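Please read the structure below before turning to the comments.
The values are calculated or read from the model by the stated rules, or taken from the named source; none is laboratory data. Being a predicted model, the structure only gives us computed values, none of them experimental. Note: ideal-geometry Cβ built from the backbone for every residue, glycine included; neighbour counts use all protein chains shown.
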Amino acid sequence: MAQDPSGSLLGVTDLTVGNFYEQVGGDNHFLVEFYAPWCGWCKKLVPTWTELGQVAHNANTNVKIGKFDAVQEGGQTITGPLGVKGFPTIMLFKANNKDPIKFDKARTTESFVSFVAEHTGVDMKTGAQSEATPETIATPTTGQVVKLNPNNFDAVVMDPTKDVFVKFFAPWCGHCVRMAPAWEDLAKQETSVVIAELDASEHSSVGGRFGVRGFPTLKFFSKHDKSGGMQYKGARDLESMKAYIAQSASRS
């Protein structure tokens, strides 16, 4: 018989609108399931989530397991900015970081344990700590587009010594595909400015931070003002974007 995902589970923290960011983004890593009580796949996940909670409870590490009823009153204030669009959605929030990493592998206990170890260095079963698999962090390479993700975004874009021009895109977006060659050429020719891009359909929480509503969205982050980026609304051809950079960089 299918189980109710909203029930209390040993070792699993029930997250609410009121306590979500009191728990998540602090000193602990949090693997969170966003669910709906009526969702069949969520019900099927209950035994696995129960086992995972027990693993975390027994190992007593700084990896915590949580679940969030996405259809509770006010739930969209949490799920909307995070880009939760279906159930269950599983996300890992690393310690002291509120930008999640989305889980997209098989929903088995072993897969979850491996995923957590890969990104945090913590073996949930033994409690052993090792180095997490290095993410693509950025030393921007002259002449190349820097590929951004939640783990390197701030290191690149918020660098106070660099002007950074960011393309927020989606792989399925036709306009994004058409402008890709111009963006690559821009990186080759504008070596004084970091040219970067983020797949905001995959990393929607990062796009949400900067009000990204459609694709492509282009924002210029001056070295002197990293508050939210200046949105570029001009033509997406090489010469137009070069002219914009020359104008914007001169203000920096």
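Within the range 39-53, does at least one residue satisfy the condition of being outside any helix (DSSP H, G or I) and either at positive phi or over 17 Å from the mean Cα position of the chain (by Cα) (or both)? Yes, the range 39-53 contains a residue that is outside any helix (DSSP H, G or I) and either at positive phi or over 17 Å from the mean Cα position of the chain (by Cα) (or both).
Residue by residue, here is whether (1) modelled with pLDDT under 90; (2) exposed (fewer than 13 other Cβ atoms within 10 Å of the Cβ) holds:
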position	(1), (2)
137	yes, yes
150	yes, no
157	no, no
161	no, yes
164	no, no
167	no, no
174	no, yes
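In the range 85-105, of all residues being modelled with pLDDT under 90 and hydrophobic (A, V, I, L, M, F, W, C), the one that is nearest to the chain's Cα centre (by Cα) corresponds to 101.
Within the range 108-131, how many residues turn out to be surrounded by fewer than 17 Cβ atoms within 10 Å (Cβ to Cβ) and in a loop (DSSP other than H, G, I, E, B)? If you could, list the steps in order and put the result at the bottom.
Taking the range 108-131 and keeping what is surrounded by fewer than 17 Cβ atoms within 10 Å (Cβ to Cβ), we get 108, 110-111, 114, 118, 121, 125-131.
Then drop every residue that is not in a loop (DSSP other than H, G, I, E, B), which leaves 108, 121, 125-128, 130-131.
So the count comes out to 8.
Looking only at residues that are in contact with a helix residue (DSSP H, G or I) (Cβ under 8 Å, 6 or more places away or on another chain) and acidic (Asp, Glu) in the range 165-202, which one is nearest to residue 221 (Cα to Cα)? Among those residues, the one meeting the criterion is 197.
Taking the options 192, 205, 201, name whichever one is closer than 23 Å to residue 83 by Cα, in a loop (DSSP other than H, G, I, E, B) and not assigned by TED's automatic domain parsing to the domain that holds residue 91. Answer to the check: 201. Based on what the data block shows, is residue 61 out of contact with any strand residue (DSSP E or B) (no Cβ under 6 Å at 6 or more places or on another chain) and either part of a helix (DSSP H, G or I) or surrounded by 19 or more Cβ atoms within 10 Å (Cβ to Cβ) (or both)? No, not satisfied.
Checked against the criterion of being outside the structural domain of residue 100 (by TED's automatic domain parsing), aliphatic (A, V, I, L, M), within 30 Å of residue 103 (Cβ to Cβ) and touching a helix residue (DSSP H, G or I) at 6+ places or on another chain (Cβ under 6 Å), the range 228-245 has no qualifying residue.
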